[in-house]
Amino acid sequence: MKIAILPGDGIGPEIVAQAVKVLNVLGEKFELESAPVGGAGYAAHGHPLPEATLALAKAADAVLFGAVGDYQYDKLERSLRPEQAILGLRKQLGLFANLRPAILYPELAGASTLKPEVVSGLDILIIRELTGDIYFGQPRGVRECPDGPFKGQREGFDTMRYAEGEIRRIAPVGFQAAQTRGRRLTSVDKANVLETFQFWKDIVTHVHQEYPDVALEHMYVDNAAMQLVRAPKKFDVIVTGNMFGDILSDAAAMLTGSIGMLPSASLDANNKGLYEPSHGSAPDIAGKGIANPLATILSAAMMLRFTFGRAEQADRIENAVKRVLSQGLRTADIHEAGTTKVGTEAMGDAVVKALA
Ligand code: IPM
Ligand code: MG
């Protein structure tokens with residue numbers, strides 16, 4: 001069980017350290033090796049995804065990723081910016097299936113900006129296609145506008161595209177996840193406007209024939225955004241493309257009021273995966289020891305479940321997290337009156353203790 005540890009920037013190193021602490025007390029034989037990525041990769045080797053880091057990630061069975069991005073790298077040209085590290089890893093490792101659960105822990109119901117009755121008990125799973133769509137479509141760039149009223153001016157352009165095979169491999173991930181849950185899948189598209197997503201809808205409908213036990217519903221992305229804040233509990237599993245999934249998963253994360261709690265998994269066809277918290281590098285609080293490590297710890301649990309097939313160990317970690325929440329321990333982002341505010345390390349230590 002070889003794990004590449006890529007802490008990255010901002011709060012990345014602090015939160016990843018807590019997850020590593022948890023992995024180390026499980027009594028399993030993990031082989032852990034760290035490498036710089038993102039701004040840290042640029043600082044060390046002049047590239048956000050240094051060759052040695054990519055090689056380590058390729059050789060490992062799983063990657064534990066912190067977060068990338070820091071103000072000091074904002075002015076670099078696009079190809080050298082920290083975000084390129086995560087985009088490069090997704091593409092190079094073929095991590096096409098991104099699982100983003102949004103779960104509201106009952107102890108944190110007060111943290112949501114929505115009314116408690118709208119979100120209490122929320123448990124939805126967004127599956128975002130991660131290596132296609134307008135994120136990676138070619139051609140793209142800035143060119144001379146070839147036609148229309150702005151002909152001859154400079155224009156920026158990107159290309160939205162999905163190959164049949166790409167849709168045929170992500171759709172089953174949605175159907176199969178629904179089979180293990182509430183047997184309902186919502187495929188989110190924009191078929192009323194975009195050719196790419198009419199095609200998406202047609203292929204998903206076709207794949208549905210193999211999963212008659214799952215109820216499939218199609219929803220336009222604008223309506224899905226509205227339903228997510230109106231009645232989020234009506235969803236079970238959502239499957240969608242890269243761009244829509246990026247946007248909807250941030251909205252879904254905020255329903256829970258605590259983006260610091262949400263893990264994610266990005267999987268290839270063989271369940272090799274990259275596991276990272278759903279939140280970013282939060283450079284404003286980096287190094288202060290106040291970041292919430294639970295999303296990263298829960299990402300390690302997803303790693304045990306999906307890549308290593310150790311469901312019991314994943315359950316152990318998830319139960320330990322529930323236990324520390326019920327003990328009233330909170331990092332600053334989820335702290336409310338009547339609970340005990342703790343720092344990053346103390347939270348990690350509490351999870352380790354709850355595991356024992
Ligand atoms: C995410 C992030 C990334 C994305 C950025 C950092 C490139 O927003 O993982 O959702 O857009 O996919
Ligand atoms: Mg995003």
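Provide the packing ranking of 252-262, 3-13, i.e. peptides ordered by the mean count of other C-beta atoms within 10 Å per residue, highest first.
Numbers: 252-262: 22.6, 3-13: 26.8.
Output ranking for 252-262, 3-13: 3-13, 252-262.
Would you be so kind as to identify which of LEU114, VAL142, GLN227 lies farthest towards the positive end of the dipole of segment 98-261, taking Lys and Arg as +1 and Asp and Glu as -1 on Cβ and the Cα centre as origin?
Farthest towards the positive end: LEU114.
About the Cα centre of the chain, what is the dipole size in debye to 20, counting +1 per Lys and Arg Cβ and -1 per Asp and Glu Cβ, all else neutral? Each step should come with its number before you reach the end.
On the way: 37 positive and 42 negative charges, 77 e Å.
Dipole about the Cα centre, nearest 20: 380 debye.
Can you give me the relative contact order of segment 98-261 as a percent, contacts being Cα pairs under 8 Å and 6 or more apart? Spell out each step's value before the answer.
Numbers: 291 pairs, mean separation 54.1, N = 164.
Relative contact order of segment 98-261: 33 percent.
Percent antiparallel among DSSP beta bridges with both residues in the chain, to the nearest 5? Don't skip to the answer; put the middle values down first.
Details: 19 of 47 bridges.
So the antiparallel bridges in the chain amount to around 40 percent.
So, by mean Cβ neighbours within 10 angstrom, what's the order for 280-290, 29-39 with the highest one leading?
Working: 280-290: 16.8, 29-39: 19.4.
Packing order, densest peptide first, comes out as 29-39, 280-290.
So how strong a dipole does segment 98-261 carry about its Cα centre when Lys and Arg Cβ are +1 and Asp and Glu Cβ are -1, to the nearest 20 debye? Please list the in-between numbers first.
Details: 18 positive and 21 negative charges, 37 e Å.
Computed charge dipole of segment 98-261: roughly 180 debye.
Given contacts defined as C-alpha pairs under 8 Å and at least six residues apart, what's the relative contact order of the chain, whole-number percent?
Working: 764 pairs, mean separation 75.4, N = 356.
Once divided by the residue count of the chain, the mean separation gives 21 percent.
May I ask which of LYS190/LYS233; LYS58/LYS91; LYS288/LYS353; LYS322/LYS353 have a Cα-Cα span longer than 19 Å here?
LYS190/LYS233; LYS288/LYS353
With a cut-off of 8 Å between alpha carbons and a minimum separation of six or more residues, what is the relative contact order of segment 42-163 in percent? Working shown, then result.
Working: 135 pairs, mean separation 21.5, N = 122.
Once normalised by length, the contact order is 18 percent.
Please label the shape of segment 98-261 as rounded, prolate or oblate, based on the square roots a ≥ b ≥ c of the eigenvalues of the alpha-carbon gyration tensor (a/c under 1.5 means rounded; beyond that, a/b larger than b/c means prolate, else oblate). All intermediate terms of the calculation are to be shown ahead of the outcome.
Values: a/c = 2.49, a/b = 1.49, b/c = 1.67.
Oblate shape, in that a/c is at least 1.5 and b/c is the bigger or equal ratio.
When the helix-only estimate is applied to the chain (DSSP H runs of n ≥ 4, each -39,500 (n - 2.57), divided by the residue count), what is the mean residue ellipticity at 222 nm, nearest 500 deg cm²/dmol? List each step's numbers first, then the result.
On the way: 12 runs with 138 residues, N = 356.
The helix contribution divided over the chain gives -12000 deg cm²/dmol.
Computed from the mean reciprocal separation of all distinct C-alpha pairs, what Kirkwood hydrodynamic radius does the chain have, in Å?
On the way: mean 1/r = 0.0475 Å⁻¹.
Hydrodynamic radius (Kirkwood, Cα only) of the chain equals 21.0 Å.
Using 10 Å bins from zero, what percent of all Cα-Cα pairs in segment 1-111 falls into each bin?
Answer for segment 1-111: a P(r) of 14, 39, 32, 13, 2 percent.
Please work out the C-alpha center-to-center distance from segment 222-297 to segment 17-44 and express it in whole Å.
21
Read-outs: derived from the displayed coordinates by stated rules, not from any lab. A quick note: this is a predicted structure, and the numbers were derived from the prediction, not measured. Here Cβ is always computed from backbone atoms with ideal geometry, including for glycine, and neighbour counts include all displayed protein chains.
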